[in-house]
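Okay, so here's the structure we're looking at.
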2 protein chains.
Amino acid sequence: MQMTEGQPAGRPSPGPSIGVVQVGLGHIGRAIVRRLAVLDGVHVVAAVDPAPELQGRDAGEVAGTHPLGVKVVPELRQEDARGASVALHSTLSHLEQVLPQLVGLVESGLHVVSTCEELAWPWFHHPEAARALDRAARHAGVTVLGTGVNPGFVMDLLPLLLTGVCTRVDRVVARRVVDASRRREPLQRKIGSGTSPEEFRRLVREGRMGHVGLPESVALVAAGLGWRLDRIEQQVEPIVADEPIVTEHVHVQPGQVQGLFQTAAGYQDGRERVRLELWMALRPQHLAPSPVESASFDEVRVEGEPPVHVVIPEGISGDTATVAAVTNAIPAVMEAPPGLLSVRDLPPVRWWGGRLVVA
Amino acid sequence: MQMTEGQPAGRPSPGPSIGVVQVGLGHIGRAIVRRLAVLDGVHVVAAVDPAPELQGRDAGEVAGTHPLGVKVVPELRQEDARGASVALHSTLSHLEQVLPQLVGLVESGLHVVSTCEELAWPWFHHPEAARALDRAARHAGVTVLGTGVNPGFVMDLLPLLLTGVCTRVDRVVARRVVDASRRREPLQRKIGSGTSPEEFRRLVREGRMGHVGLPESVALVAAGLGWRLDRIEQQVEPIVADEPIVTEHVHVQPGQVQGLFQTAAGYQDGRERVRLELWMALRPQHLAPSPVESASFDEVRVEGEPPVHVVIPEGISGDTATVAAVTNAIPAVMEAPPGLLSVRDLPPVRWWGGRLVVA
């Protein structure tokens, strides 16, 4: 059997190579630059980060790859974006913090893919910011998408897709268990490892503890299913160690925090319809009910007809997968209609090798 | 937190209720009618099947639900389709067999969702039929989609979606193991249970044995990843029983066929890039390598960075899930651009409750 010309080629080419602006050169931003540096048919046009120690340095060198001939700038001026089509944005988690950045990128005529967790589904919690951004994007004729692994994939897009083979859906449940003991230090700190339960609870009250994005995933799933939720409730609790835990980065004594247990639930007419559970801890084995032997795993249950149960042993690992989700979305935002969209609205983002095929 | 008006409502309403034509009243077609009969905001406009014993009978009664006031007709005349927007089509597996039916539906101005396996990705093996159907659909301003569970979901759409979190994909492997011993008799017969290996191989040579659609799934995955395949190879082998197997429907002696083992593989530059395995047998335990205890399961592996391994204990059961995939696609085809599309091209089809939300 031969491949024929009859096959739809797919994507229109906007030219020989796609210019990309990277905004944010933290851990994820640098990993994005490393992928962009090796993607065929893509070139980095500008790299933006306000950190004083990065100014004027080559973005490739900062990212730990070959020089790209692009100097880091503290903010994007119109002329820096010349030749660029897409901005990849990985700075902060809260929409209010990044809204001016996003509007600026949109007004520079750039499509935007962002890891900002609250952007994954901003219409429930931040409807005014969502409307403003949508308006700006339509006016500029560009597309804005919030994505990543969580939110953006494991606890929203994947569950939604699984409901597609159900004739009835009573409730959607997703559980993500992450063994933080082999992850980088900031993640171990972020989940409160080694602090006291009191300190943990204080940080929760101040909005400084807990993963951002779970309620957004709840809202995304509900909206995808046409469910109008009464409310979304979130809880963040410390998991307290009952024996010492020692990792490369932290020492946890019994009575100190080992990690976090976070839930978000969406209710329709008082009934729980979406429930998401996140366990992020050092050595989470035997904490969460587990269908597999691996310490980390993801699990989705669609309660309905037929019931669908999906298990991802080892889980979908955070950082590389986030880099993939963002960079693989480049062709999707270039082809989508203008405006602020969500992963619900786009054809499934899949691995992308970096070339747009000429139709 | 209150749901606000800022949330995008989603789908434009085409009117108070969507008229649907059901074409094909076999096992799946009847189950589709049963779901349509209880879906809010949908009504059955016509039901088509050439079987003499069904003519003039009420479609609801034939399907085993309440009367629908719609008499079964042998073929669709223009006036039968009045008030209908969508045709659901479940007749035969091969595209050549159904092409005239599909063109007729399209020319009646109907969007079409079909379970025809070869329609899930017809561009590789049937490019001329695909082009003709695409032309007819564009001319009529309607959308045509082939979908189902396999092809259409487990071995193509789900694997494609999973690659979205990978920065590198070396190979995509999916395995579907179906314990046929508790499935309906036609399925047990279809996989050769109780025949001799010689008879099985004769039926394979005549193209009368084996699941239809595996090579289409291979082509769909490859096209989604932008891989141009050199060739797709398919094999269908009997699984021979070494002890007696007795089910409600068949008695298998040692030396007779217990089921089938089918593979389809896609090669790019001589290298295997997509591999699909289907094991459908009475009591398939211990035949296929299994990550779970259940006799039936589905499994997808994306070999790459990060590797992604997904397991679906019990598997996604065939018939109800197929009915869901087809009926849940109704809003998707109504909103999609005209032409022949695949599940790769549409936002993820998810559970649908039957109402189109007014924007």
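Go through (1) touching a helix residue (DSSP H, G or I) at 6+ places or on another chain (Cβ under 9 Å); (2) farther than 27 Å from B:Val154 by Cβ; (3) surrounded by fewer than 19 Cβ atoms within 10 Å (Cβ to Cβ); (4) small (Gly, Ala, Ser) and name the single condition A:Gly353 misses.
(2)
A:Glu75: of a type outside the set (S, T, N, Q) and part of a helix (DSSP H, G or I), yes or no?
no
Tell me which residues, restricted to segment B:311-334, are within 18 Å of B:Leu105 (Cα to Cα) and more than 9 Å from chain A (Cβ to nearest Cβ).
Once the filter is applied, which keeps residues that are within 18 Å of B:Leu105 (Cα to Cα) and more than 9 Å from chain A (Cβ to nearest Cβ), segment B:311-334 yields B:Val326, B:Ile330, B:Pro331, B:Ala332, B:Val333, B:Met334.
Here are A:Ala222, A:Ala241, A:Ala281, A:Ala295: which of them is more than 12 Å from chain B (Cβ to nearest Cβ) and within 20 Å of the chain's Cα centre (by Cα)?
Only one candidate qualifies: A:Ala281.
Which numbered condition trips up B:Ala129, out of (1) of a type in the set (A, V, I, L, M); (2) in the same structural domain as B:Gly339 (by TED's automatic domain parsing); (3) crowded, with 24+ Cβ neighbours inside 10 Å?
Going through (1) of a type in the set (A, V, I, L, M); (2) in the same structural domain as B:Gly339 (by TED's automatic domain parsing); (3) crowded, with 24+ Cβ neighbours inside 10 Å one by one, B:Ala129 breaks only (3).
Would you be able to tell me the number of residues in segment A:93-131 that are within 14 Å of chain B (Cβ to nearest Cβ) and out of contact with any Leu (no Cβ under 7 Å at 6 or more places or on another chain)?
The number of residues fulfilling the criteria is 7.
Looking only at segment B:276-327, how many residues end up being basic (Lys, Arg) and within 25 Å of B:Ser193 (Cα to Cα)? Please lay out each step first, then the result.
First, the residues of segment B:276-327 that are basic (Lys, Arg): B:283, B:301.
In the following step, the residues that additionally are within 25 Å of B:Ser193 (Cα to Cα) were identified as B:283.
Looking only at that region, the number is 1.
Looking at segment A:105-122, can you tell me whether even one residue there is surrounded by fewer than 17 Cβ atoms within 10 Å (Cβ to Cβ) and either touching a Cys at 6+ places or on another chain (Cβ under 6 Å) or in a helix (DSSP H, G or I) (or both)?
yes
Per-residue answers, yes or no, for (1) polar (S, T, N, Q); (2) closer than 19 Å to B:Gly24 by Cβ:
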{"site": "B:Val112", "(1), (2)": "no, yes"}
{"site": "B:Glu118", "(1), (2)": "no, yes"}
{"site": "B:Trp121", "(1), (2)": "no, no"}
{"site": "B:Glu128", "(1), (2)": "no, no"}
{"site": "B:Arg131", "(1), (2)": "no, no"}
{"site": "B:Asp134", "(1), (2)": "no, no"}
{"site": "B:His139", "(1), (2)": "no, no"}
{"site": "B:Thr147", "(1), (2)": "yes, yes"}
{"site": "B:Asn150", "(1), (2)": "yes, yes"}
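Suppose the filter is away from every other protein chain (no Cβ under 13 Å), outside any loop (DSSP other than H, G, I, E, B) and at pLDDT 95 or above; does B:Val33 pass it?
no
Please work out which one of (1) facing chain B (nearest Cβ under 8 Å); (2) more than 19 Å from A:Pro159 (Cβ to Cβ) is the condition A:Pro337 fails and give its number.
Of (1) facing chain B (nearest Cβ under 8 Å); (2) more than 19 Å from A:Pro159 (Cβ to Cβ), only one is false for A:Pro337: (1).
Name the residues in segment B:225-238 that are part of a strand (DSSP E or B), among the charged types (D, E, K, R) and within 9 Å of chain A (Cβ to nearest Cβ), would you?
Hits for segment B:225-238 are B:Arg231, B:Glu233.
Against the condition touching a helix residue (DSSP H, G or I) at 6+ places or on another chain (Cβ under 9 Å), crowded, with 22+ Cβ neighbours inside 10 Å, more than 26 Å from B:Glu206 (Cβ to Cβ) and at pLDDT 95 or above, how does B:Val274 come out, does it pass? Walk me through it before giving the result.
Details: touching a helix residue (DSSP H, G or I) at 6+ places or on another chain (Cβ under 9 Å): yes; crowded, with 22+ Cβ neighbours inside 10 Å: yes; more than 26 Å from B:Glu206 (Cβ to Cβ): yes; at pLDDT 95 or above: yes.
Considered against the rule, which asks whether it is touching a helix residue (DSSP H, G or I) at 6+ places or on another chain (Cβ under 9 Å), crowded, with 22+ Cβ neighbours inside 10 Å, more than 26 Å from B:Glu206 (Cβ to Cβ) and at pLDDT 95 or above, B:Val274 comes out as yes.
Here is a yes/no grid of residues against (1) charged (D, E, K, R); (2) part of a loop (DSSP other than H, G, I, E, B); (3) more than 14 Å from chain A (Cβ to nearest Cβ):
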{"residue": "B:Val177", "(1), (2), (3)": "no, no, yes"}
{"residue": "B:Pro186", "(1), (2), (3)": "no, no, yes"}
{"residue": "B:Val204", "(1), (2), (3)": "no, no, yes"}
{"residue": "B:Arg208", "(1), (2), (3)": "yes, yes, yes"}
{"residue": "B:His249", "(1), (2), (3)": "no, yes, yes"}
{"residue": "B:Gln262", "(1), (2), (3)": "no, no, yes"}
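Report, by residue number, each residue of segment A:319-343 that is closer than 29 Å to A:Ala180 by Cβ and surrounded by 21 or more Cβ atoms within 10 Å (Cβ to Cβ).
A:Ala321, A:Thr322, A:Val323, A:Ala324, A:Ala325, A:Val326, A:Thr327, A:Asn328, A:Ala329, A:Ser342, A:Val343
Looking only at segment A:343-356, decide whether some residue is closer than 21 Å to A:Leu220 by Cα and more than 7 Å from every other protein chain (Cβ to nearest Cβ).
Among the residues of segment A:343-356, at least one is closer than 21 Å to A:Leu220 by Cα and more than 7 Å from every other protein chain (Cβ to nearest Cβ), which makes the answer yes.
Is there a residue being under 17 Å from the mean Cα position of the chain (by Cα) and at pLDDT below 95 anywhere in segment B:308-317?
Yes: segment B:308-317 contains one or more residues that are under 17 Å from the mean Cα position of the chain (by Cα) and at pLDDT below 95.
Name every residue in segment A:82-101 that is under 16 Å from A:Gly213 (Cβ atoms) and buried (at least 23 other Cβ atoms within 10 Å of the Cβ), in order of residue number.
A:His89, A:Ser90, A:Leu95, A:Val98
Would you say B:Val212 is under 30 Å from A:Trp351 (Cβ atoms), surrounded by fewer than 20 Cβ atoms within 10 Å (Cβ to Cβ), β-branched (Val, Ile, Thr) and under 26 Å from the mean Cα position of the chain (by Cα)?
So B:Val212 passes the test.
Could you please tell me which pairs satisfy a Cβ distance under 9 Å, a separation of 6+ or placement on different chains, a first residue in segment A:167-189 that is of a type in the set (A, V, I, L, M, F, W, C), and a second residue that is assigned to a strand (DSSP E or B) and at pLDDT below 90?
Nothing qualifies.
Scan segment B:201-228 and report the pairs whose first residue is over 19 Å from B:Asp170 (Cα atoms) and assigned by TED's automatic domain parsing to the domain that holds B:Gln262 and whose second residue is of a type in the set (S, T, N, Q) and crowded, with 20+ Cβ neighbours inside 10 Å, with Cβ atoms within less than 9 Å and a gap of 6+ or a chain change.
B:Gly210/B:Gln262; B:His211/B:Asn150; B:His211/B:Gln262; B:Gly213/B:Asn150; B:Leu214/B:Asn150; B:Leu214/B:Gln262
Restricting the search to segment A:159-169, which residues are within 7 Å of chain B (Cβ to nearest Cβ) and in a helix (DSSP H, G or I)?
Hits for segment A:159-169 are A:Leu160, A:Leu161, A:Thr163.
How many residues are facing chain B (nearest Cβ under 7 Å) and either hydrophobic (A, V, I, L, M, F, W, C) or touching a Lys or Arg at 6+ places or on another chain (Cβ under 7 Å) (or both) when one looks only at segment A:298-310?
4
I'm trying to understand the selection: among the residues of segment A:281-318, which are surrounded by fewer than 24 Cβ atoms within 10 Å (Cβ to Cβ), of a type in the set (A, V, I, L, M, F, W, C) and assigned to a loop (DSSP other than H, G, I, E, B)?
A:Leu287, A:Ala288, A:Val292, A:Ala295
If a residue has to be surrounded by fewer than 19 Cβ atoms within 10 Å (Cβ to Cβ) and closer than 26 Å to A:Arg275 by Cβ to count, how many in segment A:184-203 make the cut? Steps first, answer last, please.
At the first step, the residues of segment A:184-203 found to be surrounded by fewer than 19 Cβ atoms within 10 Å (Cβ to Cβ) are A:184-187, A:189-190, A:196-199, A:201-203.
Those left that are additionally closer than 26 Å to A:Arg275 by Cβ: A:187, A:190, A:197, A:201, A:203.
So the count comes out to 5.
The values are calculated or read from the model by the stated rules, or taken from the named source; none is laboratory data. Keep in mind that this is a model prediction, so the values were computed, not measured. Glycine gets a Cβ as well: all are built from the backbone with ideal geometry, and neighbour counts include every protein chain shown.
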